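The values are calculated or read from the model by the stated rules, or taken from the named source; none is laboratory data. Here the structure is a predicted model, which means the values were calculated and not measured. Cβ sites come from the backbone with ideal geometry, for glycine too, and all protein chains shown count toward neighbours.
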Amino acid sequence: MPWITKPSGTMKVARRNEPYLTPEIRAGLERDILPRYEKKQGALLPTLHAVQHRWGWLPWQALEEIAAFLGLSPAEVWDTASFYEEYWLQPKGSTLIAVCRSIACECRDHTKVTEACKARLGIDVGDTTDDGKFTLVEVECLGSCDTAPVALFNHTLHENLTPEGVSKLIDGAAAGEHHH
Amino acid sequence: MPNWTPKTTSPVLTQRIPCWPFADPKGRRTIPLDEYTRTGGYTALRKAVETLTPEQVTEEVKKSVLRGRGGAGFPTGLKWTFLPKPDADGEGGVRYLAVNADESEPATFKDRLLMDFDPHLMLEGIALCCYACRIQTAYIYIRGEYHHQAMVLEKAIREAYAAGIFGTQGLLNGARTRNRDRAWAVECHVHRGAGAYICGEETGLLESLEGKRGWPRNKPPFPAIKGLFGRPTIINNVETLAHLPFIIGQGADAFMQQGCESTFKGAPPSYGTKLMGVSGHVNRPGCYECDLGIPLKVLIESKDYCNGMRNGKRFKGAIAGGISMGVLGPDQMDAEMDFDIGRKYNVLGLGTACPTVFDQDTDMVAVARNIARFFKHESCGQCTPCREGSGWLYQLMTRIEDGQGRTKDLDLALEIATSMGAMPGTTICGLADGNNWAIRTIMNKYRDEFEARVKPTFVPVKLSVGAGAR
């Protein structure tokens, strides 16, 4: 529900001296992404992706830096960033587990997969574990209905999941197995 | 099983992907450029650039009556002709192609197959479209969840640039085009979305490409006149573009041999093959390529495709093609999967032709609740009837599922559903129509299940009143 907003007048912004939009990210964007678009705002989604890829989420300070970088107002950047589900405006765990809950996965018992995740991690859907390693969410269709139920571990799609299988995957990720 | 024989003997879109006749998905791999070229790839593009004018390419596509594979089924060639006429120099100013690879419709996974395993087929289609419509820049808008597919595409585009297909030197290493004796240069980029279903709506997609929230625009002006960054823009689906190499390479007549005519007089035909992704309670869910017009029953029961219902259960219903198209009822298993399906079987249309099949044990109230939750979650919030209505429908469906519903809730749900959408004229885009049709067809076709779950609105009390009392 992207239209639900929070009052921002009394918002406290955490700041730090080093920029989130590092010179490397900036140079990469200027070289590869900005020339692709007629207007600078077109590069906003790729820029948000790049910054989130580096830091795991998008702090308010990062949004301000992106606004300055693309010649936009911070409100315009916030407007876009808050609309899309994939942009995290608060910190999330280093492994994001996104279980598909749409119709084809529900037909094939995705609820058991979610329950297995909840039991293994000891958290509810939408929460992050205390050690900051895992965030569990349920998302709409991941476009792999023939191999339902499916879940994304960060950028890796796991198909034909079973409750035991997903627990094993979580064990692997907790032991440091890398998911891009 | 109904008597039906395929007209197409060899696959067209999946000729390099083992998937029809049935093959183990494990045998699939991404086709690199050299293998694609070796197996006849980019010959259609060469034929078009060296021997045909852009007008002739458009004419061929128009003749083939290729209908858009993204859901609406709008004739592609006709869409191209809506672009403003080029100037005397043969140029039309800055124009864009936006490739719709935002495949977010639940139950739909056909474009993923093409992007995963044969990305160059789509790139050749993009080049053909750009040549025919005098477009300089193409953006592939791919949904954010397709991480792997975006990587595959970016690699394929790098290969294509290195081989001189795209880039400033002009298509095919600056081959002289027939009409102008000059090269035609095309740039092609991947643009990743960030998880919003509404960005699959064509103007929502354009807004998202411009770096704004994906709120659909009011039409007119249509994108072909004023689209991305205010320029004329063509928006085509991945599968539509993947058909172009065959149509240009083999000719429109070969394409018209496949598929079927419409059974309605004067209605546009359904030529060609279509990727149909079957999911749900079948033995072999997967993406298959078949002629348009294949009966759903054949698709489910044939050994070439899904090989029957799982555990030998009976068929209860199926989503017609992406959940916004509505549901085919228990007696509609014979439905022919072509663009007439909407008029014949009381669903919205063919959509993406990706059915999810339900067996006898499926709880249709739960299906309705799942679908209502999806639309509530994905409504962009721009138009009030959709934003509020989708939430109300979800609440009603949850209440009925929990056994707390009343009989009047059924009528209320239908009333809410019918009053929202672009067709009643209360919203900008068609998302609410999808919600409307999905909920309405389920409630009408499985009315008894809903009625069994609700309590009566008026509870009879054993009290006698009036003259008849004894």
Exercise for the section: Consider A:ASP127 carefully, then state whether it is touching a strand residue (DSSP E or B) at 6+ places or on another chain (Cβ under 8 Å) and surrounded by fewer than 20 Cβ atoms within 10 Å (Cβ to Cβ). Expected result: yes
Fill in the blank from the handout: Of the residues in region B:139-180, those that are within 29 Å of the chain's Cα centre (by Cα), more than 14 Å from chain A (Cβ to nearest Cβ) and outside any helix (DSSP H, G or I) come to B:ILE165
Practice task
Determine whether region A:128-144 contains at least one residue that is in contact with a helix residue (DSSP H, G or I) (Cβ under 7 Å, 6 or more places away or on another chain), part of a helix (DSSP H, G or I), under 29 Å from B:MET115 (Cβ atoms) and more than 11 Å from chain B (Cβ to nearest Cβ).
Solution key: no
Exercise for the section: Identify, from the list B:ALA48, B:ALA98, the residue that is under 22 Å from the mean Cα position of the chain (by Cα) and not in a loop (DSSP other than H, G, I, E, B). Expected result: B:ALA98
Problem - Spans of helices (runs of 4 or more DSSP H) in region B:384-470 with at least 1 residues within 30 Å of B:PRO223 (Cα to Cα) - result: B:384-401, B:407-419, B:431-445
Completion exercise
Going through region A:100-127 in order, the residues found to be of a type in the set (Ser, Thr, Tyr) and facing chain B (nearest Cβ under 8 Å) are A:SER102
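To keep it simple, each residue is scored yes or no on (1) buried (at least 24 other Cβ atoms within 10 Å of the Cβ); (2) basic (Lys, Arg); (3) closer than 28 Å to B:LYS274 by Cα.
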{"residue": "B:LYS313", "(1), (2), (3)": "no, yes, yes"}
{"residue": "B:GLY329", "(1), (2), (3)": "no, no, yes"}
{"residue": "B:LYS344", "(1), (2), (3)": "no, yes, yes"}
{"residue": "B:THR356", "(1), (2), (3)": "yes, no, yes"}
{"residue": "B:ASP359", "(1), (2), (3)": "no, no, yes"}
{"residue": "B:ALA366", "(1), (2), (3)": "no, no, no"}
Fill in the blank from the handout: All conditions in (1) over 30 Å from B:SER324 (Cα atoms); (2) within 12 Å of chain B (Cβ to nearest Cβ); (3) touching a residue at least 12 places away in the same chain (Cβ under 8 Å) are true of A:PRO59 except (2)
Completion exercise
Among strands (runs of 3 or more DSSP E) completely within region B:209-307, the ones holding 1 or more residues that are among the charged types (D, E, K, R) and in contact with a Pro (Cβ under 9 Å, 6 or more places away or on another chain) are B:286-291
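So that you can scan it fast, the table gives a plain yes or no per residue for (1) in contact with a helix residue (DSSP H, G or I) (Cβ under 8 Å, 6 or more places away or on another chain); (2) touching a residue at least 60 places away in the same chain (Cβ under 8 Å); (3) within 14 Å of chain A (Cβ to nearest Cβ):
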position: B:GLY68; (1), (2), (3): yes, yes, no
position: B:LEU78; (1), (2), (3): yes, no, no
position: B:GLY93; (1), (2), (3): no, yes, yes
position: B:LEU97; (1), (2), (3): yes, yes, yes
position: B:PHE109; (1), (2), (3): yes, yes, yes
Problem - Odd one out for B:PHE109 among (1) farther than 30 Å from A:LEU157 by Cβ; (2) of a type outside the set (Val, Ile, Thr); (3) in contact with a Cys (Cβ under 6 Å, 6 or more places away or on another chain) - result: (1)
Practice task
Can you confirm whether region B:322-344 contains a residue that is of a type in the set (Phe, Trp, Tyr) and either over 17 Å from the mean Cα position of the chain (by Cα) or in the same structural domain as B:ILE416 (by TED's automatic domain parsing) (or both)?
Solution key: no
Exercise for the section: Scan region B:373-430 residue by residue and report those that are among the basic types (Lys, Arg) and away from chain A (no Cβ under 14 Å). Expected result: B:ARG399, B:ARG406, B:LYS408
Practice task
Check whether at least one residue in region A:70-81 is within 9 Å of chain B (Cβ to nearest Cβ), of a type in the set (A, V, I, L, M) and assigned to a loop (DSSP other than H, G, I, E, B), and report yes or no.
Solution key: yes
Problem - Residue list for region A:145-157, restricted to those being within 7 Å of chain B (Cβ to nearest Cβ) and in contact with a Cys (Cβ under 6 Å, 6 or more places away or on another chain) - result: A:ALA148
Practice task
Kindly indicate the residue of region B:140-159 that is out of contact with any Asp or Glu (no Cβ under 9 Å at 6 or more places or on another chain) and within 30 Å of B:ASP87 (Cβ to Cβ) and also surrounded by the fewest Cβ atoms within 10 Å (Cβ to Cβ) among those meeting that condition.
Solution key: B:ILE157
Exercise for the section: With the condition kept exactly as written, say whether any residue in region A:102-122 is touching a Lys or Arg at 6+ places or on another chain (Cβ under 9 Å) and either assigned by TED's automatic domain parsing to the domain that holds A:LEU58 or among the charged types (D, E, K, R) (or both). Expected result: no
Completion exercise
Residue set A:GLU18, A:GLU38; condition among the charged types (D, E, K, R), at the interface with chain B (Cβ under 10 Å from one of its Cβ atoms) and either surrounded by 19 or more Cβ atoms within 10 Å (Cβ to Cβ) or part of a loop (DSSP other than H, G, I, E, B) (or both); output residue A:GLU38
Exercise for the section: For region B:360-372, enumerate the residues that are more than 10 Å from chain A (Cβ to nearest Cβ) and β-branched (Val, Ile, Thr). Expected result: B:VAL365
Practice task
Could you grab me the full set of residues in region B:314-359 that are more than 12 Å from chain A (Cβ to nearest Cβ) and of a type in the set (D, E, K, R)?
Solution key: B:ARG314, B:ASP331, B:ASP334, B:GLU336, B:ASP338, B:ASP340, B:ARG343, B:LYS344
Handout entry: Members of region B:227-265 that are surrounded by fewer than 19 Cβ atoms within 10 Å (Cβ to Cβ) and among the β-branched types (Val, Ile, Thr)
Key = B:THR263
Fill in the blank from the handout: Here the residues within region B:212-226 that are closer than 28 Å to A:ILE66 by Cβ and buried (at least 18 other Cβ atoms within 10 Å of the Cβ) are B:LYS212, B:ARG213, B:GLY214, B:TRP215, B:PRO216, B:ARG217, B:PRO223
Practice task
Would you mind stating whether A:ALA62 is surrounded by 15 or more Cβ atoms within 10 Å (Cβ to Cβ) and within 19 Å of the chain's Cα centre (by Cα)?
Solution key: yes
Exercise for the section: Inspect region B:219-238 for any residue being touching a His at 6+ places or on another chain (Cβ under 9 Å), within 21 Å of A:LEU142 (Cα to Cα) and in contact (Cβ under 8 Å) with a residue 12 or more places away in the chain and give the result as yes or no. Expected result: no
Handout entry: B:LEU275 within 30 Å of A:GLU38 (Cα to Cα) and touching a helix residue (DSSP H, G or I) at 6+ places or on another chain (Cβ under 7 Å)
Key = no
Problem - Tally of residues being more than 8 Å from chain A (Cβ to nearest Cβ) and within 16 Å of B:SER379 (Cα to Cα) across region B:181-214 - result: 9
